[in-house]
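Report on the structure given below.
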Amino acid sequence: MPLKVSNNWLQSYSASKFEVTGHTIINAVTDNPFFLDLDPPLPVLIGHEANYVNAAAAATDGGKAETAAKNAARLVYAESLRQLGTYIDATATTEEQFLSSKYPLRKEGAPIGIQPAPSNMRAKHGKVSGSLDASCDANEHRVLYEWQTAVGQNPTDWTIQPTSNSSRSTFSGFTPGTWVNVRCRVRVPAGAGDWSSVVQLMMI
């Protein structure tokens, strides 16, 4: 996954953490050989930082007007830092260069491990004779559901059914009066988990 800056902190950080992070970034890109043509220019960044710091200090013991002025100054400063992040994304080509900016980076999500067997398997008669609707509790991740069916009260031969990204599926073509069994498992890039418990239903 290519490195990219993260802008979530511009809204989520507390006032003090926002101030410290912005100052750290400005110091890091000042005279940084990897970023020689800053956008916005360094004087603009420093000016927006100073305006925000002064407004934040005035709002400490001030009233609504001072708080509003601080919030407005933060919006302006945050927008200039967002623009700087876009410039870093477009300019940096190596991890060293990204890290030298001190700009927060997007975190790569941890890979999903093999998932447990689906729970709460259910089956009911479908709208068409010889069909059934099967379902299980949905997995919290984006996964593939692998389904199998088998005929008989004590099945040994299982038929692979189409894989889906839904925890619900419909199967048809069974002979009325026969027992049909269905089970399911979850597959992720790391592999497939265990099969669920088997549910059994007589076709009508």
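The values are calculated or read from the model by the stated rules, or taken from the named source; none is laboratory data. Everything quoted here is computed from the prediction, not taken from an experiment. Note that we place each Cβ from the backbone using ideal geometry, even for glycine, and neighbour counts take in every protein chain shown. Note: accessible area is taken over every heavy atom of the protein model, side chains too, but ligands, DNA and RNA are not part of it. Shrake-Rupley method; radii C 1.70, N 1.55, O 1.52, S 1.80 Å.
On the accessible surface of the stretch 1-116, probed at 1.4 Å, how many percent belong to carbon and sulfur atoms? Carbon with sulfur: 57 percent of the solvent-accessible area. Under the combined filter of DSSP loop state and at most 13 neighbouring Cβ atoms within 10 Å, the stretch 76-138 retains these GluC sites (Glu not before Pro): 108.
Think of each Lys and Arg Cβ as +1 and each Asp and Glu Cβ as -1; about the Cα centre, that makes the dipole of the chain roughly 920 debye. Report the FRET efficiency, 1/(1 + (r/R0)^6), for residue 15 and residue 106, where r is their Cβ-Cβ distance and R0 is 30 Å, rounded to 0.05. According to the calculation, E is roughly 0.80.
For the modelled label position 7 Å from the Cα of residue 89 along Cα-to-Cβ, which residues of the stretch 10-49 have backbone nitrogen atoms closer than 14 Å? Residues 10 fall inside that zone. The local environment of residue 136, defined by Cβ-Cβ distances under 11 Å, has a net charge of +3 under the rule Lys, Arg +1 and Asp, Glu -1.
With a threshold of 29 Å on the Cα-Cα distance, the over-threshold entries among 17/107; 64/102; 17/64 are 64/102. Since only 91, 114, 28 are under comparison, the one whose Cα sits farthest along the positive direction of the charge dipole of the chain, derived from C-beta charges on Lys, Arg, Asp and Glu, is 114.
Ordered by solvent-accessible area of protein heavy atoms (1.4 Å probe), largest first, the residues 202, 121 come out as 202, 121. Residues considered: 31, 194, 61. Largest GNM mean-square fluctuation over the chain, using C-alpha springs under 10 Å, is found at 61. Projecting label points 7 angstrom from Cα along Cα→Cβ for residue 165 and residue 96 puts them 4.0 nm apart. Computed from phi, the 3J(HN,Hα) profile of the stretch 63-77 under the Karplus parametrisation 6.51, -1.76, 1.60 (θ = phi - 60°) reads x, 4, 5, 5, 5, 5, 5, 5, 4, 5, 5, 5, 4, 5, 5 Hz, with x in place of Gly and Pro. When the helices of the chain are scored as -39500 (n - 2.57) per DSSP H run of n ≥ 4 and the total is divided over every residue, the value at 222 nm lands at -11500 deg cm²/dmol. Residues in the chain average 59 Å² of solvent-accessible surface per residue, probe 1.4 Å, ligands and nucleic acids excluded. Gain on full extension, evaluated as 0.36 nm per residue between residue 153 and residue 128 minus their Cα-Cα distance, stands at 6.8 nm. Among beta bridges from DSSP that stay inside the chain, the antiparallel ones total about 100%.
When both the stretch 24-78 and the stretch 87-120 are represented by their alpha-carbon centers, they are found 27 Å apart.
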